[in-house]
Amino acid sequence: MSPGPVVLKFGGTSVVDAEAIGRLVRHVSEARQHGPAVAVVSALSGVTDRLLQLASAAATGNSAAIEAGVAELQARHELVARQVAADPEGLTTVLARGFAEFRNLLNAVATLRDASPRSRDAIAAYGELLSSRIVAGACSASGLEAAWVDARLALVTNDSFGAAVPLMDETESAVAAHVLPVIAAGEVPVLGGYIGATPDGVTTTLGRGGSDYSAAIFGAALGAREIQIWTDVDGMMTADPRVVPSTHVVPRLSFGEASELAYFGAKVLHPSTILPAVAKAIPVRILNSRRFGGTGTLITGSSPVDGPLAALACKRHITVVDVTSTRMLMAHGFLRRVFEVFERCRAPIDVVSTSEVSISVTVDDDRRLAEIASELSSFADVSVERDMAILCAVGDGLRRDPRLASRILGSLEQFPLRMVSQAASRRNVTVVLQDSVAAAAMIHLHATFFARDAVTQPVHEGVAG
Ligand code: ADP
Ligand code: ASP
Ligand code: MG
């Protein structure tokens with residue numbers, strides 16, 4: 001059996017301009033020397049935000065904003081296309097066709113004054129459709145045999161617009177029909193990430209940051225040798241580098257650790273990325289597209305043993321909802337009723353803790369909070385606290401060393417903790433505190449467990465546990 005391809009995914013900053021696309025082509029060429037390769041690309045950095053702003057402007061009928069926005073985006077894409085393509089006229093003609101469709105779509109939304117999730121997906125998809133055309137052109141210009149593939153033909157999803165769920169059986173057939181023949185012809189298929197279509201061909205998106213997920217879905221469908229996430233940092237860092245200044249790369253992670261970190265805010269990986277990789281036991285590697293020769297972070301099914309913790313993650317500006325049973329004891333069925341309210345309002349819960357009479361949960365998406373609070377109030381007392389943060393310490397080492405959890409909590413003794421939780425996987429310890437102290441708590445926890453020499457030092461002596 002021939003080895004599967006490597007799937008290389010490049011995020012927005014890795015396709016931001018001609019220089020970045022030049023580096024991308026070098027990375028794909030290097031991979032191609034060792035076997036088949038597939039490239040999955042995000043929109044040019046900042047473009048998806050801009051497209052969604054334009055969708056909102058169109059919904060208010062703001063034609064001037066539409067014209068100015070389309071002109072600005074077209075100029076930006078054409079500039080990059082001219083810099084990277086061997087046949088700039090050919091490529092800019094293809095882009096111009098895309099922009100004509102895009103303008104029509106915005107005008108239709110403006111006429112109807114209605115940007116439904118379905119229309120917003122159709123609009124947002126242009127970021128990846130255009131960038132993938134440019135990248136395919138750049139690959140061909142450097143002598144790499146590459147072919148653009150419309151990702152909407154290859155990734156089949158349900159119709160949950162804005163957060164579409166892949167239909168794996170249909171996607172495997174679609175990939176076999178549209179991607180495998182390109183690989184078999186010795187070419188590198190270049191596809192946009194983030195986008196797909198329903199079985200009827202209606203454009204969908206997988207949700208923000210979803211290009212990582214696309215790469216993993218294509219990787220699973222193709223039986224890839226490795227899924228590579230090329231980004232703007234050296235790998236999964238020991239904490240969010242925007243919060244903690246002295247982070248370093250985590251060389252190895254288990255699938256379980258990477259999933260927890262992504263779920264609890266490590267933006268470098270979309271939270272669903274690991275699922276398709278686990279299903280087919282495909283290694284995932286996170287790499288810096290600005291570097292050549294780096295090894296990044298390798299994520300596999302086995303659990304690395306070095307260090308007590310793998311990394312920290314945080315989710316900022318979340319909301320805590322406290323629900324207290326109006327009866328003295330939590331009556332039978334109370335928890336079910338509480339969770340049903342969140343389910344009905346499609347508000348995912350991240351952290352839960354309970355006492356005899358109350359339950360506290362955190363939610364990230366607070367758009368329907370008023371409705372949630374009102375429904376809960378019909379059978380419980382409800383209070384809501386905004387501007388909280390989740391801080392999460394992750395590592396398979398937590399299972400090996402039962403004292404680790406108390407050392408983590410002990411090291412946070414100067415910070416008032418609002419909630420504490422450890423789930424059955426015993427792979428993370430999660431605390432909720434005020435957002436205003438989250439950065440300080442994160443920096444402190446990082447210094448305690450991840451200072452280069454801290455691993456060998458006794459951590460926070462004297463703490464119970
Ligand atoms: P891309 O556009 O390549 O998909 P993203 O912006 O989605 O990149 O993800 C990369 C960013 O994730 C980094 O620039 C960094 O600021 C942020 N990040 C948050 N937590 C982590 C972490 N633990 N390790 C690495 N990056 C992280
Ligand atoms: N371009 C999309 C976004 O900005 C998807 C991605 O970059 O992963 O969310
Ligand atoms: Mg991303």
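The values are calculated or read from the model by the stated rules, or taken from the named source; none is laboratory data. The structure displayed is predicted, hence computed values, not measured ones. Cβ sites come from the backbone with ideal geometry, for glycine too, and all protein chains shown count toward neighbours. To get the accessible areas, we keep the full protein, side chains included, count just its heavy atoms, and leave off ligands, DNA and RNA. Shrake-Rupley method; radii C 1.70, N 1.55, O 1.52, S 1.80 Å.
Going by what's in this entry, would ALA125 be described as touching a Cys at 6+ places or on another chain (Cβ under 9 Å) and either closer than 19 Å to GLU19 by Cβ or touching a residue at least 24 places away in the same chain (Cβ under 8 Å) (or both)?
Numbers: touching a Cys at 6+ places or on another chain (Cβ under 9 Å): no; either closer than 19 Å to GLU19 by Cβ or touching a residue at least 24 places away in the same chain (Cβ under 8 Å) (or both): yes.
Spelling it out, it is not the case that ALA125 is touching a Cys at 6+ places or on another chain (Cβ under 9 Å) and either closer than 19 Å to GLU19 by Cβ or touching a residue at least 24 places away in the same chain (Cβ under 8 Å) (or both).
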Filtered residues of region 281-299 (kept if of a type in the set (Gly, Ala, Ser), touching a strand residue (DSSP E or B) at 6+ places or on another chain (Cβ under 6 Å) and more than 16 Å from ligand 2 (Cβ to nearest atom))
GLY294, GLY296
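Could you grab me the full set of residues in region 12-61 that are of a type outside the set (Gly, Ala, Ser), within 25 Å of ARG113 (Cα to Cα) and more than 15 Å from ligand 3 (Cβ to nearest atom)? Outline the logic, then answer.
Going residue by residue through region 12-61, those that are of a type outside the set (Gly, Ala, Ser) are 13, 15-17, 19, 21, 23-28, 30, 32-34, 36, 38, 40-41, 44, 47-54, 60.
Now restrict to residues that are within 25 Å of ARG113 (Cα to Cα): 47-54, 60.
Once the filter is applied, which keeps residues that are of a type outside the set (Gly, Ala, Ser), within 25 Å of ARG113 (Cα to Cα) and more than 15 Å from ligand 3 (Cβ to nearest atom), region 12-61 yields ARG50, LEU51, LEU52, GLN53, LEU54, THR60.
In the list GLY186, GLY162, which residue meets the criterion of being in contact with a Gly (Cβ under 8 Å, 6 or more places away or on another chain), touching a residue at least 40 places away in the same chain (Cβ under 8 Å) and part of a loop (DSSP other than H, G, I, E, B)?
Values: GLY186 fails: in contact with a Gly (Cβ under 8 Å, 6 or more places away or on another chain).
One residue alone meets the criteria, GLY162.
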Is there a residue being open to solvent by 30 Å² or more (accessible area, probe 1.4 Å) and closer than 30 Å to ARG291 by Cα anywhere in region 50-62?
yes
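If only one of ASP381, ASP401 is open to solvent by 10 Å² or more (accessible area, probe 1.4 Å), closer than 24 Å to ARG252 by Cα and more than 29 Å from the chain's Cα centre (by Cα), which one is it?
Values: ASP381 fails: closer than 24 Å to ARG252 by Cα.
Sole residue among the options that is open to solvent by 10 Å² or more (accessible area, probe 1.4 Å), closer than 24 Å to ARG252 by Cα and more than 29 Å from the chain's Cα centre (by Cα): ASP401.
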Specify the residue that is most open to solvent (accessible area, probe 1.4 Å); the eligible residues are those in region 239-267 that are small (Gly, Ala, Ser) and away from ligand 2 (no atom under 16 Å from the Cβ).
SER246
Residues in region 228-238: is at least one more than 12 Å from ligand 2 (Cβ to nearest atom) and free of Cβ contacts under 8 Å to residues at least 60 places away in the same chain?
yes
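Within region 71-86, can one find any residue that is open to solvent by 10 Å² or more (accessible area, probe 1.4 Å), more than 16 Å from ligand 2 (Cβ to nearest atom) and farther than 23 Å from ALA138 by Cβ? Even if it seems obvious, please write down each step before you answer.
Going through region 71-86, the residues open to solvent by 10 Å² or more (accessible area, probe 1.4 Å) turn out to be 71-72, 74-76, 78-79, 82-86.
Adding the requirement that they be more than 16 Å from ligand 2 (Cβ to nearest atom) leaves 71-72, 74-75, 78-79, 82-86.
With the extra rule that they be farther than 23 Å from ALA138 by Cβ, the set shrinks to 71.
Scanning region 71-86, I find at least one residue that is open to solvent by 10 Å² or more (accessible area, probe 1.4 Å), more than 16 Å from ligand 2 (Cβ to nearest atom) and farther than 23 Å from ALA138 by Cβ, so the answer is yes.
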Where GLY294 falls short, out of the listed (1) within 11 Å of ligand 1 (Cβ to nearest atom); (2) open to solvent by less than 50 Å² (accessible area, probe 1.4 Å); (3) in a loop (DSSP other than H, G, I, E, B):
(1)
Right, VAL28: of a type in the set (A, V, I, L, M) and in a strand (DSSP E or B) or not?
no
Residues located in region 268-288, provided they are among the polar types (S, T, N, Q), in contact (Cβ under 8 Å) with a residue 60 or more places away in the chain and open to solvent by 10 Å² or more (accessible area, probe 1.4 Å)
SER272
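Does GLY301 count as among the small types (Gly, Ala, Ser), in contact (Cβ under 8 Å) with a residue 24 or more places away in the chain and loosely packed, with under 15 Cβ neighbours inside 10 Å?
Taking the combined requirement at face value, the residue satisfies it.
State whether the residues of region 263-273 include one that is over 16 Å from the mean Cα position of the chain (by Cα), assigned to a loop (DSSP other than H, G, I, E, B) and either away from ligand 1 (no atom under 13 Å from the Cβ) or farther than 26 Å from ILE21 by Cα (or both).
No.
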Quick check: anything in region 167-175 buried (at least 20 other Cβ atoms within 10 Å of the Cβ), within 15 Å of ligand 1 (Cβ to nearest atom) and of a type outside the set (Ser, Thr, Tyr)?
no
Tell me, please, whether a residue that is without any contact (Cβ under 8 Å) to a residue 24 or more places away in the chain and surrounded by 17 or more Cβ atoms within 10 Å (Cβ to Cβ) can be found in region 106-122.
no
Looking at region 373-392, can you tell me whether even one residue there is acidic (Asp, Glu), assigned to a loop (DSSP other than H, G, I, E, B) and touching a residue at least 60 places away in the same chain (Cβ under 8 Å)?
no
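Name every residue in region 208-223 that is open to solvent by 10 Å² or more (accessible area, probe 1.4 Å) and either assigned to a loop (DSSP other than H, G, I, E, B) or away from ligand 1 (no atom under 13 Å from the Cβ) (or both), in order of residue number. Give the steps one after another, and end with the answer.
In the first step, residues of region 208-223 are kept if they are open to solvent by 10 Å² or more (accessible area, probe 1.4 Å); the result is 208-209, 213, 221-223.
ARG208, GLY209, ALA221, LEU222, GLY223, listed by residue number.
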Among all residue pairs at least 6 apart or on different chains, which show Cβ distances below 7 Å where the first residue, located in region 243-267, is within 13 Å of HIS446 (Cβ to Cβ) and the second is within 11 Å of ligand 1 (Cβ to nearest atom) and part of a loop (DSSP other than H, G, I, E, B)?
THR247/THR238; THR247/ALA239; THR247/PRO241; HIS248/THR238; VAL250/GLY235; VAL250/MET236; VAL250/THR238; VAL250/ALA310
Do any residues in region 198-226 that are within 19 Å of ARG120 (Cα to Cα) and among the hydrophobic types (A, V, I, L, M, F, W, C) have Cβ atoms under 9 Å from those of residues that are outside any loop (DSSP other than H, G, I, E, B) and within 16 Å of ligand 1 (Cβ to nearest atom), where the two are at least six apart or on different chains, and which pairs are they?
LEU206/ILE195; LEU206/TYR213; LEU206/SER214; LEU206/ILE217
